[in-house]
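Notes for the one structure printed next.
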Amino acid sequence: FAAMLQRFPHITTIAFIDCPGTYDDRANLTVGRMIRAAGLAAVVPEGGSVRSGAVELFLAGAGLQIADGAEFAVHAWMDDRGLSAGDYAADSPEHAKYLAYYAEMGMESAQAARFYALTNSVPFEQALWLSGAEMRGWIGLEAPVAEIQQQPRLAYLDLGPALN
């Protein structure tokens with residue numbers, strides 16, 4: 001990610017077009033923090049699809065825009081031992097890292113807790129699909145802008161073991 005920003009220093013916005021989840025939540029949250037530190041905005045235009053761990057990347061945007069025709073898929077996480085969110089105590093560090101991340105991304109603690117509970121209300125093997133308008137409601141965004149400007153696109157970012 002840092003290399004991309006170095007090579008393309010004029011990037012100001014990431015458009016999330018077709019963004020699947022991740023296999024490594026630690027790396028995913030690290031990249032999210034890099035997006036926020038770089039001050040990049042995040043947009044999901046009409047037809048854009050943001051799923052699973054890509055939702056955390058989207059939330060990292062310094063400014064967020066979601067078109068009505070966008071879609072989001074959320075579900076509970078599963079760790080590398082096959083344990084899911086429901087297998088851990090509510091006050092465990094495994095849950096705290098997500099709540100802390102949401103707070104870093106600007107959510108108030110009650111809002112973060114509600115959104116995190118929503119994501120964990122669906123088993124890892126399934127997905128809860130949210131429209132753009134529903135997602136804006138969950139994260140407290142106003143109505144969409146009339147037209148989202150086309151920006152350079154990041155459709156998929158697979159860091160593999162690079163950040164382990």
Self-check item: Scope region 78-117; condition in a loop (DSSP other than H, G, I, E, B), open to solvent by 30 Å² or more (accessible area, probe 1.4 Å) and on the phi < 0 side of the Ramachandran plot; matching residues
Solution: ASP79, ASP80, ARG81, LEU83, TYR88, ALA89, ALA90, ASP91, GLU108
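Scan ALA60, ALA54 and give me the residue that is closer than 11 Å to CYS19 by Cβ and modelled with pLDDT of 95 or more.
On the way: ALA60 fails: closer than 11 Å to CYS19 by Cβ.
Residue meeting the stated conditions: ALA54.
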Self-check item: Residues (modelled with pLDDT of 95 or more and among the aromatic types (Phe, Trp, Tyr)) located in region 72-87
Solution: PHE72
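For every residue, the table says whether it meets (1) polar (S, T, N, Q); (2) open to solvent by 60 Å² or more (accessible area, probe 1.4 Å); (3) at pLDDT below 90; (4) under 22 Å from VAL31 (Cβ atoms).
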{"site": "SER121", "(1), (2), (3), (4)": "yes, yes, no, no"}
{"site": "GLN126", "(1), (2), (3), (4)": "yes, yes, no, no"}
{"site": "GLY132", "(1), (2), (3), (4)": "no, no, no, no"}
{"site": "LEU141", "(1), (2), (3), (4)": "no, no, yes, yes"}
{"site": "GLN149", "(1), (2), (3), (4)": "yes, yes, yes, no"}
{"site": "PRO152", "(1), (2), (3), (4)": "no, yes, yes, yes"}
{"site": "TYR156", "(1), (2), (3), (4)": "no, yes, yes, yes"}
{"site": "GLY160", "(1), (2), (3), (4)": "no, no, yes, yes"}
{"site": "LEU163", "(1), (2), (3), (4)": "no, yes, yes, yes"}
Practice problem: Taking GLN65 as the residue in question, decide whether it is open to solvent by 60 Å² or more (accessible area, probe 1.4 Å), closer than 22 Å to ILE17 by Cα, in a loop (DSSP other than H, G, I, E, B) and not β-branched (Val, Ile, Thr). | Solution: no
Quiz item: When residues of region 1-48 are filtered for being polar (S, T, N, Q), assigned to a loop (DSSP other than H, G, I, E, B) and within 11 Å of the chain's Cα centre (by Cα), how many remain?
Solution: 1
Quiz item: Give me the pairs: first residue in region 8-24 and within 21 Å of TRP129 (Cβ to Cβ) and open to solvent by less than 80 Å² (accessible area, probe 1.4 Å), second residue among the aromatic types (Phe, Trp, Tyr) and not in a loop (DSSP other than H, G, I, E, B), beta-carbon distance under 6 Å, and six or more apart or on different chains, which are they?
Solution: PHE16/PHE58
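The values are calculated or read from the model by the stated rules, or taken from the named source; none is laboratory data. Given the structure is predicted, the values throughout are model-derived calculations rather than measurements. Cβ: placed from backbone, ideal geometry, glycine included. Neighbour counts: every protein chain shown. Surface areas here come from the heavy atoms of the whole protein model, side chains and all, with no ligands, DNA or RNA. Shrake-Rupley method; radii C 1.70, N 1.55, O 1.52, S 1.80 Å.
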